[in-house]
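The values are calculated or read from the model by the stated rules, or taken from the named source; none is laboratory data. These numbers come from a predicted model, not from an experiment. Each accessible area value is taken on the protein alone, full model and side chains, heavy atoms only, with ligands, DNA and RNA left out. Shrake-Rupley method; radii C 1.70, N 1.55, O 1.52, S 1.80 Å.
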Amino acid sequence: MSVTPDLIREKLIAGIGAIHVDVEDTSPNRCAASFKVLVVSPQFEGKALLQRHRLVNNCLAEELKEIHAFEQKTLTPEQWEKQKAQ
C-alpha cells in the first residue's frame, strides 16, 4: 500500500476527529516517503504536545511503518483560529 496525502488526511479525520488537516508531501525526488502535516482536532484540548503527537502516531501506526520522515504540528481549534488571525 502506498501512503498518500489523501490517505493520511482521511485517517486523521476518521481516527481523531480532526477538523482541519494539511498534508504536504516533502519526499525528495520520491525516493522515500516524507510528509509534513498540520492537524487541528478538539481531542487535543488539555493535552501536552507529546500526548497530541502520540494520538497522531497511534492513528497512523500502519502508515508510519512506510514513512521515512514525518513532521507534525498539532493545534486545538482555538489555537488554529488564533494562528489564522495573525
What whole-number value in cubic angstrom gives the convex hull volume per residue for the C-alpha atoms of the range 30-75? 65
On full extension of the chain, what length is gained from Glu45 through Glu78, given 0.36 nm per residue of separation minus the C-alpha to C-alpha distance? 11.0 nm
Count the lysine pairs in the chain whose Cα atoms sit under 19 Å apart, keeping only pairs 8 or more residues apart in sequence or on different chains. 10
³J(HN,Hα), Karplus 6.51/-1.76/1.60, whole Hz, each residue of the range 72-80, x for Gly, Pro: 9, 10, 10, 10, 7, x, 5, 5, 5
Accessible solvent surface per residue of the chain, calculated while the other protein chains remain in place, 1.4 angstrom probe, Å²: 62
Excluding ligands, DNA and RNA, the carbon-plus-sulfur percentage of the accessible area of the chain with a 1.4 Å probe reads 50
How big is the Kirkwood radius of the chain, worked out from every pair of different alpha carbons and given in Å to one decimal? 13.2
Tilt relative to the chain, helix 5-16 - C-alpha long axis, 0 to 90 degrees, to 10: 40
Sum -39500 (n - 2.57) across every DSSP H segment of at least 4 residues in the chain, then divide by the residue count to get the 222 nm mean residue ellipticity, nearest 500. -12000 deg cm²/dmol
Surface accessible to a 1.4 Å probe, Glu78 within the full protein complex, Å²: 110
If the chain between Ser34 and Asn57 were fully extended at 0.36 nm per residue, the gain over the current Cα-Cα distance would be 6.8 nm
